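Accompanying notes for the structure given below.
The values are calculated or read from the model by the stated rules, or taken from the named source; none is laboratory data. As the structure is a prediction and not an experimental result, all values here were calculated from the model. Glycine gets a Cβ as well: all are built from the backbone with ideal geometry, and neighbour counts include every protein chain shown.
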Amino acid sequence: DTSAHERCAVMRKAAVLLRERAEDVARLLTQEQGKPFAEARGEVLAGADIIDWFANEALRVYGRIVPSRNPLAQQLVIKEPVGPVAAFTPWNFPVNQIVRKLGAALATGCSFLVKAPEETPASPAALLNCFVDAGIPKGVLGLVFGSPAEISSYLIPHPIIRKVTFTGSTPVGKELAALAGRHMKRVTMELGGHAPVIVAEDADVELAVKAAGGAKFRNAGQVCISPTRFLVHKNVKAAFEQAFVAHAEKLKLGDGLTEGTTLGPLANDRRLAAMDKIVKNAAEKGARVATGGQRVGTAGNFFAPTILTDVPLEADIFNEEPFGPIAAIRSFENLDEAIREANRLPFGLAAYGFTRSIKTVHELSRRLEVGMLWVNQPATPSAELPFGGVKDSGYGSEGGPEALEAYLVTKAVSVVGV
C-alpha cells in the first residue's frame, strides 16, 4: 500500500543506481549474450531512462468525477492496480525487456514476478538488485529461473496472479494467451515480427542504407523489430544494393568486449544452424548471395552479415522471421505492390519507410498493418511511445500511457447519503 510518491522515489533511486553500475551490468550482458559492449551499455542506460519515465508516470494515474443524474449522488471513477504480475522475458534484450514491464507495473502499484531467460541470468539479477538497494519493499519484486513450460503452467493459472505479460515467439505467445484466457487473466503479448522496409523511388539511398542497415545488424539481427524484408523500387535497387553490401562488409565481427567490434556472435548454435538453413533455402529458390552467407571461423557462434537479393516470395526468408543478421531484397514497381507485400504475412509489429514524399508517408502510415512505423530513420523506441504490434505480433503496448492502462482496473463508485 505504498503511495505513488513513494513508488516514484524508489524507482528514481533504482534508475540512479543502474546508471552508476552501467559499465558492470553492460559487461555482464555482453559476456552472457554476446552483443557489442557499446550496444550493451546503450541498453542499460536506456533501461534507466525507461525507469525514470515510468517513475514520473506513477504520479499521473488519475481517476475522475462524473456528474450524476441524481443531484444527491456523487459518482467517482477510480483506477486501481490490477494485482500481482507474472512476466516472461527473452534473452535478446535481458535488461530492456524487463524494465518495460517492470516500470509500468511498479508505477501502477502492482507487485512483479519475472521469469527471466535462463540464457542470460546475470544481467537481470544485477538490474533487480538496483531496486532492492533502492529500498523496494520486501515481497514486491521477485526473480525466478527454470523450465519455461513448468513455470508458466504454474504461475499463469495461480489465483494470486492477475496479469501476464510476455515477450517472445508467436507460437509460445499464443499458448500462454490461451492459458491466461482460461483463467481470465489480463495479458500483454509482444510477439514475433518480420519487418518490411519500403524504399521508394525518391528515397535518399544513402540515408536508407545507414538507417536500415544499422538497424538490421544491431544485436546480430536478433531483434523483434529488425528490418528484414527490403522492398526497393526497381529504379534505385542497384544503387541501394551496392551501398548496402558495402555497409555490411565494413562491419567488424568479433568478441563483444573487444574494442571496435560492431557485430557480435549469435546467442547459441541453434541460431547458427537456422541461419545456414535460411541461406541455403533462398539460394535453392533462386536468390543470389550478395555478401556473407556463411559461418565465420569455427570458434563461437559467428555468422557473416548476409544480404540476399532477387529473393523470390516463396523463399523462407520472405515468410519466416530469421532472427539473425540476414537481409532479403526484392524490387517493386509501384507503391501498391510494395504495401501488399508488406501486409501479406500474419505479422504486424514494425515497418520502415524511406521517401521524400509526404503523400507516400501518409499512404504508409494509413495502409501498413503494423503497430509501429519509422520513416527515414532507424527504429527509435522510447518510453513515451507505445511499443507493440497487431495481427500475430500480439496486442497491448509496453510504452506510453497505454502501457500503464494494461496494469490498471477501473472501478465505478456511486455514493449517496453521506
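Only residues in the stretch 264-281 that are touching a residue at least 60 places away in the same chain (Cβ under 8 Å) and hydrophobic (A, V, I, L, M, F, W, C) count as the first member; pair them with residues that are part of a helix (DSSP H, G or I) and surrounded by 13 or more Cβ atoms within 10 Å (Cβ to Cβ), Cβ under 7 angstrom, at least 6 apart or cross-chain, and list the lot.
Within 7 Å, the pairs are 266/220; 266/272; 267/33.
Within the stretch 265-275, can one find any residue that is among the small types (Gly, Ala, Ser) and under 28 Å from residue 25 (Cβ atoms)? If you could, list the steps in order and put the result at the bottom.
As a first pass, look at the stretch 265-275 and keep what is among the small types (Gly, Ala, Ser): 267, 273-274.
Those still in the list that are under 28 Å from residue 25 (Cβ atoms) too: 267.
Yes, the conditions are met somewhere in the stretch 265-275.
Counting only residues that are over 26 Å from residue 183 (Cβ atoms) and not hydrophobic (A, V, I, L, M, F, W, C), which one in the stretch 125-160 is surrounded by the most Cβ atoms within 10 Å (Cβ to Cβ)?
Residue satisfying both the conditions and the ranking: 129.
Please state which one of 344, 340 is in the same structural domain as residue 225 (by TED's automatic domain parsing), under 15 Å from residue 195 (Cβ atoms), modelled with pLDDT of 95 or more and among the basic types (Lys, Arg).
344
Filter the stretch 1-15 down to the residues that are surrounded by 17 or more Cβ atoms within 10 Å (Cβ to Cβ), more than 17 Å from residue 60 (Cβ to Cβ) and of a type outside the set (A, V, I, L, M, F, W, C) and list them by number.
13
Looking at the stretch 76-96 only, could you name the residues that are under 21 Å from residue 150 (Cα atoms) and among the polar types (S, T, N, Q)?
So the first thing to find is which residues in the stretch 76-96 are under 21 Å from residue 150 (Cα atoms), and the list is 84-91, 94.
89 - this is the single residue of the stretch 76-96 that is under 21 Å from residue 150 (Cα atoms) and among the polar types (S, T, N, Q).
So, in the stretch 222-247, how many residues would count as being touching a residue at least 60 places away in the same chain (Cβ under 8 Å), assigned to a helix (DSSP H, G or I) and either surrounded by fewer than 17 Cβ atoms within 10 Å (Cβ to Cβ) or within 25 Å of the chain's Cα centre (by Cα) (or both)? Steps first, please.
Our first condition is that a residue be touching a residue at least 60 places away in the same chain (Cβ under 8 Å); within the stretch 222-247, this holds for 222-234, 237, 240-241, 244-245.
Filter again for assigned to a helix (DSSP H, G or I), leaving 237, 240-241, 244-245.
Still in the list and also either surrounded by fewer than 17 Cβ atoms within 10 Å (Cβ to Cβ) or within 25 Å of the chain's Cα centre (by Cα) (or both): 244.
Result for the stretch 222-247: 1.
Here is a yes/no grid of residues against (1) out of contact with any His (no Cβ under 9 Å at 6 or more places or on another chain); (2) part of a loop (DSSP other than H, G, I, E, B); (3) not polar (S, T, N, Q):
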| position | (1), (2), (3) |
| --- | --- |
| 359 | yes, no, yes |
| 365 | yes, no, no |
| 370 | yes, yes, yes |
| 374 | yes, no, yes |
| 379 | yes, yes, yes |
| 385 | yes, yes, yes |
| 402 | yes, no, yes |
| 411 | yes, no, yes |
| 418 | yes, yes, yes |
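Just to be sure I understand, how many residues within the stretch 380-411 are surrounded by fewer than 19 Cβ atoms within 10 Å (Cβ to Cβ) and among the small types (Gly, Ala, Ser)?
Count: 2.
What tally of residues in the stretch 248-283 results from selecting those that are among the polar types (S, T, N, Q) and part of a helix (DSSP H, G or I)?
1
Evaluate the following for residue 369: is it free of Cβ contacts under 8 Å to residues at least 60 places away in the same chain, assigned by TED's automatic domain parsing to the domain that holds residue 268 and surrounded by fewer than 17 Cβ atoms within 10 Å (Cβ to Cβ)?
Numbers: free of Cβ contacts under 8 Å to residues at least 60 places away in the same chain: yes; assigned by TED's automatic domain parsing to the domain that holds residue 268: yes; surrounded by fewer than 17 Cβ atoms within 10 Å (Cβ to Cβ): no.
No.
Taking residue 332, is it buried (at least 23 other Cβ atoms within 10 Å of the Cβ) and either among the acidic types (Asp, Glu) or in contact (Cβ under 8 Å) with a residue 12 or more places away in the chain (or both)?
Criteria not met by residue 332.
Just checking, does the stretch 392-399 include any residue being assigned to a strand (DSSP E or B) and not small (Gly, Ala, Ser)? Before the answer, list the steps.
Looking only at the stretch 392-399, we keep the residues that are assigned to a strand (DSSP E or B), and these are 394-395.
From what is left, the residues that are not small (Gly, Ala, Ser) are 395.
Within the stretch 392-399, one or more residues are assigned to a strand (DSSP E or B) and not small (Gly, Ala, Ser).
Suppose we keep only residues that are part of a loop (DSSP other than H, G, I, E, B) and among the polar types (S, T, N, Q) within the stretch 343-357. Which one would you say is nearest to residue 396 (Cα to Cα)?
This residue is 355.
Could you grab me the full set of residues in the stretch 252-271 that are crowded, with 19+ Cβ neighbours inside 10 Å and touching a strand residue (DSSP E or B) at 6+ places or on another chain (Cβ under 7 Å)?
Selection gives 253, 263, 266.
Just wondering, is there one or more residues in the stretch 314-321 that are acidic (Asp, Glu) and under 19 Å from the mean Cα position of the chain (by Cα)?
Looking for residues that are acidic (Asp, Glu) and under 19 Å from the mean Cα position of the chain (by Cα), one finds at least one in the stretch 314-321, hence yes.
I want to confirm something. Restricting to the stretch 88-113 and keeping residues that are of a type in the set (A, V, I, L, M) and buried (at least 24 other Cβ atoms within 10 Å of the Cβ), which single residue is farthest from residue 172 (Cα to Cα)?
107
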